[in-house]
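Report on the following structure.
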Amino acid sequence: MTPPPAPQSFETLRHAAIGFAQAASGNIWTDFNLHDPGVTLLEQTCFALSEVSYQATHETADLLTDEKGDIRFAPMSLFLPRQTLPGNPVTLLDIAAQLSEVPGIARVLISCGPRAGLLNVVIIPAGGSPDAARQDADIKAGARIMRAFRARRPLGCDIHRMRVAKRVSARLAGSVQITGTAIPERVAAEIYYHVSAILRGQATGHDTSVGATRKTVFDHPQTFLHAPSDQDGKVPNLEDHLASFRKIPGVIDISSFSLTRQIPVPKDGDAREDVHYLDLTLPDTVADIELELTLDGLPLKLDPSGILEEFVRVSADHIAHARHHLDGSDWILPAAGQRRNFDVASIDALLPGVYRAGLKSTPEAALMTQYRQAVNAHVDDMSATLRDLPRFLSASTDATTDDPAVQRRRIALLDVLIAHQGEEMPETLHAGLHSYRTAAERAAFELRWRLDYLTALPNLNRGRGTGPNGENPGAFLLKFRQLADLQHPRDLVQGLERLDLSLADGADRIDPDFARLDLMLPDNPFDMLVPHQPDAQPLDDAALRAASPWITQNTCPAELFILCADPRSFLVSQTADGDFAVFFDAQSPTHLYTCGRFETLEAATGFAQRLRASWKALHANAEGAYLIEDILLRNASSDFISNSATMVMTGWTARTGQATYRAYVTRLIETHAPAHMKIDALWMDPEAMARFEDLFDKFNSGSQDAKREIRALLADVKAGS
């Protein structure tokens, strides 16, 4: 990358600027002395430019920190490494490595099951349990692994079979030569610890003496997780690890290592045989010690109790480094350099003394004051953009603004920052996304939408491709909901149920009573429209029913329900009686329904605004999405497609019924779904959604009947689409 050019000095800029001034004046202007106001103004411009260059060359640490040297992470949209690394599991080894980090678990083996997407899991506990408590401990270990798997589960994957391996004890034999300064029990404990870790498949060879740097994270991210070196479950050969044993402090040479008992591990998937793992047994007595430590060729006597004590200390040391700490010199920004300051000094501090001295009592004082004010305003205007950068770039800056130019600048800047994350905001111009928003609300939403998405991206990308788990939607569904503006994930039919209301296509409309009113229509029909009030509070359920005469026998015509979300459907007009009536325009030959009559225009307008807000909220709060994977709906006898899923969504509101919005949602699914997944969009009516949500709760509780009924419901809705 080509380094930026060095900033120009004041003298260089002044020399070049005077040359430009002379050229612009046709070479007839030669007076460039200090007393010339034009030269003074030019010098102030050069000073401002050199100041901009100076401030732009501050160290990155100074630009990211405040005056005290502290980093303000949230306001500047900065994220700690642990928030962004490591990412979601991709391979079977990734899944095994993350599950192996569960407390109380030494290692997890993952292998492919009988069908694509199904996995077999073998759990190796962290330590042996007494026989009486072993079954209970195995059950708890399985429950912990299941919870951890659900939290990280990639889309289209599920556990087919999970078993806890049974412990088989083994003793270590071998001969090790040590130095004269080494503590024998400490060396023996280090050897026992490393052998025990190798038997469980845990990595022990990486250096934990220093913290993880950026280079470590990006070149060797696997060191953040103690991933097993293999997935075959075989007993490792200790001879392959002699090099790591020789790195133990105090070890000079190793003659040999062997385990006194080894058994083959049955192939995973064989239900008739148990899965075993070897676990190293520490010696209880001197006779149990088969590991010989020698000094100058002479064997040393080892104390079993001392070995146990040192083993506890060694284990604690390794646990302390189980998750790499971060190297401060590489990750933490230093508080060095001069703090940035975007303020501009007054011109009085920079002018020659003749312009500042003795002017208070002279006739020229007023003229010079005006001159200084003009120069100050010029310099301040040049530096305003730079001075505004910290507030403009801050994620905590108030998103509301009445200046369209500022709004466009902020949106463009956020688009660039999002692009740096490898993302792109979808086009919403003709997407129907803003069906319920005014032009002002849309502008504010476009900015806040980007800010929220940028803030959420580290966590979304960290778990990219993970599937739902009960109440946890998973990163993919969470990203989809955010981009599709679906912020209500549960109880989507609650609003209709509260009103005891059902929707029906082609339902008969009751006759409106507007004809009995003698309206005094205004000269301009637009005067009947109700002005927008963003903070209007919705009506309660009883008042909403009473103000909606087009509802009869708890039924609302579906086409009128859609019109209720259109803010232009509600009108206010004065009657011949002198009061003011609120109307609902049903767009038919006899199309005006009277919603209420009021003594004043203000009361009628306020009621119309609340009525409109009620119907808008009823639509917006009913919109949501569920992701249902085919593999999770399987049973013992049914067929399934592991990479198939269904996005179940609301289909009866004003926005979700639009073809443009549905096309927008389809593009989102195609763009952001993992490459191996085929996800179909399914739009449900209120009756089907109510049935689905009831079954979904039972499905999350583990009901097999709910799985069967959801499969049948999805098939019926797809057949009728």
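FYI, it's all coordinate maths here, none of it is from the lab. This structure is a prediction, so every number in the text was calculated from the model and none was measured. Methodologically, a virtual Cβ is constructed for each residue, glycine included, from the backbone with ideal geometry; neighbour enumeration extends over all protein chains shown.
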Cα pairs beyond 23 Å in segment 592-721, in percent, come to 47 percent
Find out how many positive minus negative residues lie around residue 678, taking Lys and Arg as positive, Asp and Glu as negative, among other residues whose Cβ is under 13 Å from that of residue 678. -4
What size of dipole, in debye to the nearest 20, comes out for segment 624-720 about its Cα centre when the only charges are +1 on Lys and Arg C-beta atoms and -1 on Asp and Glu C-beta atoms? 240 debye
If you stretched the chain out fully between residue 258 and residue 554, how much longer would it get, using 0.36 nm times the residue separation minus the C-alpha to C-alpha distance? 98.5 nm
Entries in 68/215; 68/479; 166/707; 166/301; 140/718; 616/718 that, when Cα-Cα distance is taken, lie over 30 Å: 68/479; 166/707; 166/301; 140/718
In what sequence, highest mean first, do 414-421, 463-470 appear when ranked by Cβ atoms within 10 angstrom? 463-470, 414-421
Nearest-20 debye value, segment 413-497 charge dipole, Cβ charges on Lys, Arg, Asp, Glu: 160 debye
Take peptides 296-304, 158-166, 424-432 and line them up by average Cβ neighbours within 10 Å, highest first, as a rough protection proxy. 158-166, 424-432, 296-304
Distance in nm between pseudo-label sites at residue 147 and residue 243 (7 Å out along the Cβ direction from Cα): 4.0 nm
Among DSSP bridges having both ends in segment 624-720, what percentage is antiparallel? Round to the nearest 5. 40 percent
